[in-house]
Amino acid sequence: MKKYVCNVCGYEYDPTIGDPDNGIAPGTPFEDLPEDWVCPLCGVEKDNFSPAE
């Protein structure tokens, strides 16, 4: 599973960790995040993320 990084603040979404503070279980691929999920640091939407290098 690929990591994604926020283009605004640099937060890295790691699917092996998920986003447990916001109800996203470990093992959840970025593509399977809910459409209303936002960056937990700066609040931007999923379309402001890019695949991590």
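Relative contact order (percent) for the chain, with alpha-carbon contacts under 8 angstrom and 6 or more residues of separation? Before the final figure, lay out each step's value.
Working: 80 pairs, mean separation 21.5, N = 53.
Value for the chain: 41 percent.
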Net charge within 15 Å of Cys6 by Cβ-Cβ distance, Lys/Arg positive one each and Asp/Glu negative one each, not counting Cys6 itself? -3
Reported to the nearest 10 Å², Lys3 has, with a 1.4 Å probe, an accessible area equal to 80
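Share of the chain's accessible area from carbon and sulfur, percent, 1.4 Å?
49
Put Cys6, Cys42 in order of accessible area, largest first, 1.4 Å probe: what do you get?
Working: Cys6 5, Cys42 55 Å².
In descending accessible area the options line up as Cys42, Cys6.
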The alpha-carbon pair-distance distribution computed for the chain, with 5 angstrom bins and whole-percent values, is 5, 23, 36, 28, 8, 0
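The values are calculated or read from the model by the stated rules, or taken from the named source; none is laboratory data. Keep in mind the model is a prediction, meaning the values are calculated, not measured. Methodologically, a virtual Cβ is constructed for each residue, glycine included, from the backbone with ideal geometry; neighbour enumeration extends over all protein chains shown. These accessible areas exclude ligands, DNA and RNA; they are computed on the full protein's heavy atoms, side chains included. Shrake-Rupley method; radii C 1.70, N 1.55, O 1.52, S 1.80 Å.
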